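Before any comments, here is the structure.
The values are calculated or read from the model by the stated rules, or taken from the named source; none is laboratory data. The model shown is predicted, which means the values in this text are computed figures rather than measured ones. Counting neighbours? That spans all protein chains shown, and the Cβs are built from the backbone with ideal geometry, glycine included.
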Amino acid sequence: MRFRVLALAVLLSSIGARSGDAQVLRRRDRIQAPLKTPARQKLEERLRTGMARVQNRVGLSDEQMSQLARANRQFDARRKELNQAERAQRVELRAQLLAGQGANQDRIATALDQMLKLQRDRIDLQIEEQRELSAFMSPMQRARYAALQEQIRRRLQGVRANGTRQAPDSE
């Protein structure tokens, strides 16, 4: 459970929940304080801790964290669309492959072509995102940030793939 919450915190921090968002959370918390449960308070604290870890590991200032939050929000919708489209194509391919001899060859070809297009779109998005990040992050910070994102993605894939729990601080 601890790893999943930490992974969630780091993942959220890598896709837009940054220090600027934490300030909004704190302001909102003062307004909604009576509605907070202990579990929610604990989760929000873990998210703030995760954001601080990202900031420290990448070496970002508070201003850079705010800029990173804005940049990530800018790309989140497109990233989500790509993920959904890719999932839809995988589902289509799987359905056709399971159909065996009754598979529709045209649908398979279209799905394969779409998968390649989506990969190209994902690379284009990454290039655009790196240009945006280069406006306020050094190459070293961008490399650290990319490595941290990849590390979290792999951990989450590992957890999903085999259902085992990995140590949260095994870096």
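Overview of results
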item	result
Residues of region 49-72 satisfying the condition of being touching a Lys or Arg at 6+ places or on another chain (Cβ under 9 Å), without any contact (Cβ under 8 Å) to a residue 60 or more places away in the chain and of a type outside the set (A, V, I, L, M, F, W, C)	Gln55, Ser66, Arg70, Asn72
Among the residues listed as Ala77, Ala39, the single one being of a type outside the set (S, T, N, Q) and either at pLDDT below 90 or not in a helix (DSSP H, G or I) (or both)	Ala39
Test set (1) closer than 19 Å to Phe136 by Cα; (2) at pLDDT below 85 - Leu60 fails condition number	(2)
Residues satisfying the stated conditions in region 126-159, i.e. of a type in the set (Gly, Ala, Ser) and assigned to a helix (DSSP H, G or I)	Ser134, Ala143, Ala146, Ala147, Gly158
